[in-house]
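Only one structure is covered here, and it is reproduced in the block below.
The values are calculated or read from the model by the stated rules, or taken from the named source; none is laboratory data. Bear in mind that the values here come from a model prediction, so they are computed numbers and not experimental data. Methodologically, a virtual Cβ is constructed for each residue, glycine included, from the backbone with ideal geometry; neighbour enumeration extends over all protein chains shown. Side chains are part of the model used for accessible areas, which takes the heavy atoms of the whole protein and leaves out ligands, DNA and RNA. Shrake-Rupley method; radii C 1.70, N 1.55, O 1.52, S 1.80 Å.
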Amino acid sequence: MKYSPSPVLRICASICSALALLSACSSSNTTAVTAPETPVEATTAKNVIFFLGDGMGMTTLTAARIYAVGEDGDLTIDTLPETAFIKTFSNDAQVTDSAPSMSAYMTGVKMNNEVISMSSDTKAIDPIVDANGNKLANNCGTSNGTPATTLIELAKAKGLGTGVVTTTRVTHATPAATYSHICHRDLENDIAAQVVPGGTGYNSKLGEGLDVLMGGGSQFFMTKAQGGKRADGRDLIAEMKAKNYSFASNSTEFAAIDGAKATRMFGLFTSSHMSYDLDRDPAKEPSLAEMTSKAIDVLSQNSKGFFLMVEGGRIDHALHETTAKKALQDTLAFDNAIKAAIDKVKLKDPELKNTLIVVTADHDHTLVLNGYAKRTGKTATGNAGVLGVVKNYVTGAPEKDLDGAPYSIIGFGNGENRTQSSRASLNSLDDSVTGANTYHQEAVVRVSAGNETHGGTDVFLGATGKNAETFTGTLDNTKVFSLVKTALGL
């Protein structure tokens, strides 16, 4: 009878053989094979896109949401996973203007109203003007503060791509705070000179220059003979072209530039600010979303990464006018730019592991939502929505004030439209009036046309992507600078 070992003995034998083999391997001179290491994820972002809605306070955001998608809808900004509240006061004022508030984001320094990216002791000295009010010369003085380093300058020093996109003049306070240093925001001829590589007045901390600059404001880059405002005879557009910038002055020229091939891009689409989105002619001016998308194409060619600032600047101007419909439409255009950027970046960075996107505002305005209005849903043909008059949420009938007149859902703390006597004469006020494109909503305090003021309320910040979780709680605007700086490893 042939002997056959039991299953238990066979298993024991196998184990012993394995142990012997393992022992032999460990005692031999052969190097053991180890499993491949898991790649260590970078601790800093490669790219940062910083979105700034000028004047986009919380109430404006709420009204824009209702205007675009109804009370229960979501804008892109509403879907950002990390959120914070931002304090906006300046060094010398409870209510800031755009110059020190944007400068605080870009430099981490509190400065006085009207000052752009300078030290806290810098005084805002008005420009020298002629009899017609034309700004003639810089009156800052030689010992009035020192420049405060900006995020864009830090990014350039690290070799990153840098870009600025806005719907205002590119020399206006918000975009200027990213790349220039000056005691007063109104010195736009000087600000323009600071962005032209190699020219007189150039900000040398920008190295070889911004890679992308797009918006309005050609008047400050052109001589008076060309219809501009430069008295020094310099054609700054020609100087930029000589530095190998692909230049566009309208939508056709903009579309002809291949962002994936252009190494530098410069666009000035209007003499002053670009049009409100409600009035924009797409054949003449690209949208903020289109400019943002092309800027990302250009900057993405830099293998080290990039820093891009995008401003929805005309939200602020419409609020100063108290033309709410324009403000809400520009807020929607700004939100569309955020969506375009996220979609574009995710083509190469699907989980935003290399990209941080931050969205915030520089200050509030005095816009309010009045009364116990019934839900309106989004604004559409035949439905004024949040732009309409207040209607009772039970009966649907227009609510009346003590003078017996209807009143609009949107109002302002101050503005140009205020009845100087009884409002009884407005008893026919209805949605067709308050929902018009150019209607100026009523205000509590009457001021001159276009001069509704900023508000001092905290503003919203939303973030997504790499290191977005660091933006939380209530933060001073100067703290945002250090968080972005750390997130990008600058």
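Before moving on, here are some points about what is shown:
- Condition check for residue 443: modelled with pLDDT of 95 or more, in a strand (DSSP E or B) and crowded, with 22+ Cβ neighbours inside 10 Å: no
- If the condition is being hydrophobic (A, V, I, L, M, F, W, C) and more than 18 Å from the chain's Cα centre (by Cα), then segment 158-193 contributes 160, 182, 183, 187, 191, 192, 193.
- Tally, over segment 220-239, of residues that are more than 19 Å from residue 285 (Cβ to Cβ) and either touching a residue at least 12 places away in the same chain (Cβ under 8 Å) or part of a helix (DSSP H, G or I) (or both): 13
Residue by residue, here is whether (1) modelled with pLDDT of 95 or more; (2) open to solvent by 10 Å² or more (accessible area, probe 1.4 Å); (3) outside any strand (DSSP E or B); (4) not polar (S, T, N, Q) holds:
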{"residue": "55", "(1), (2), (3), (4)": "yes, no, yes, yes"}
{"residue": "60", "(1), (2), (3), (4)": "yes, no, yes, no"}
{"residue": "65", "(1), (2), (3), (4)": "yes, yes, yes, yes"}
{"residue": "74", "(1), (2), (3), (4)": "yes, yes, yes, yes"}
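- Close pairs from segment 342-369: first surrounded by fewer than 17 Cβ atoms within 10 Å (Cβ to Cβ) and basic (Lys, Arg), partner assigned to a loop (DSSP other than H, G, I, E, B) and at pLDDT 95 or above, Cβ under 8 Å, at least 6 apart: 346/352; 348/300; 353/466
- Hits in segment 452-490 - residues which are surrounded by fewer than 23 Cβ atoms within 10 Å (Cβ to Cβ) and polar (S, T, N, Q): 453, 457, 464, 467, 470, 472, 474, 478, 482, 486
- Remark: pairs (first residue in segment 329-340, acidic (Asp, Glu) and buried (at least 24 other Cβ atoms within 10 Å of the Cβ); second residue assigned to a helix (DSSP H, G or I) and modelled with pLDDT of 95 or more; Cβ separation under 7 Å; 6+ apart in sequence or on different chains) = 330/314; 330/315; 330/318; 335/76; 335/77.
- Qualifying positions in segment 153-163 - in contact with a Leu (Cβ under 7 Å, 6 or more places away or on another chain) and open to solvent by less than 30 Å² (accessible area, probe 1.4 Å): 153, 155, 161, 162, 163
- Pairing each residue of segment 242-253 that is in contact (Cβ under 8 Å) with a residue 24 or more places away in the chain with any residue that is surrounded by fewer than 16 Cβ atoms within 10 Å (Cβ to Cβ) and of a type in the set (A, V, I, L, M, F, W, C), provided the two are 6+ apart or on different chains, yields C-beta distances under 7 Å for 251/283.
- Looking across segment 95-140, just one residue is among the small types (Gly, Ala, Ser) and open to solvent by 60 Å² or more (accessible area, probe 1.4 Å), and that is 131.
- Subset tally (residues that are open to solvent by 20 Å² or more (accessible area, probe 1.4 Å) and over 24 Å from residue 357 (Cβ atoms)) for segment 281-293: 4
- Listed by position, the strands (runs of 3 or more DSSP E) contained in segment 318-425 that have at least 2 residues being touching a Lys or Arg at 6+ places or on another chain (Cβ under 8 Å) are 355-361, 410-415.
- Selection count where residues are touching a helix residue (DSSP H, G or I) at 6+ places or on another chain (Cβ under 8 Å) and small (Gly, Ala, Ser), scope segment 384-442: 8
- When residues of segment 189-227 are limited to those that are acidic (Asp, Glu) and surrounded by fewer than 24 Cβ atoms within 10 Å (Cβ to Cβ), the one farthest from residue 125 (Cα to Cα): 208
- Among the candidates 299, 308, the residue that is closer than 30 Å to residue 481 by Cα, crowded, with 20+ Cβ neighbours inside 10 Å and under 13 Å from the mean Cα position of the chain (by Cα) is uniquely 308.
- Extreme residue, farthest from the chain's Cα centre (by Cα), among residues of segment 209-255 that are of a type in the set (Ser, Thr, Tyr) and over 15 Å from residue 164 (Cβ atoms): 223
- Meets criteria (closer than 30 Å to residue 134 by Cα and open to solvent by less than 70 Å² (accessible area, probe 1.4 Å)) for residue 264: no
- Selected residue [touching a strand residue (DSSP E or B) at 6+ places or on another chain (Cβ under 6 Å) and either among the small types (Gly, Ala, Ser) or under 21 Å from residue 62 (Cα atoms) (or both)] from 368, 386: 368
- The set of residues from segment 83-119 being more than 26 Å from residue 142 (Cβ to Cβ) and over 19 Å from the mean Cα position of the chain (by Cα) comprises 94, 95.
- In this entry, residue 166 passes the filter for residues that are touching a His at 6+ places or on another chain (Cβ under 8 Å), open to solvent by less than 10 Å² (accessible area, probe 1.4 Å) and either at pLDDT 95 or above or under 24 Å from residue 485 (Cβ atoms) (or both).
- One residue from 392, 427, 437 being touching a residue at least 12 places away in the same chain (Cβ under 8 Å), touching a Leu at 6+ places or on another chain (Cβ under 7 Å) and surrounded by fewer than 16 Cβ atoms within 10 Å (Cβ to Cβ): 437
- Considering 50, 85, the condition of being open to solvent by 40 Å² or more (accessible area, probe 1.4 Å), aromatic (Phe, Trp, Tyr) and within 28 Å of residue 344 (Cα to Cα) is satisfied by 85 alone.
- Some residue of segment 441-451 being among the hydroxyl-bearing types (Ser, Thr, Tyr) and closer than 21 Å to residue 98 by Cα: yes
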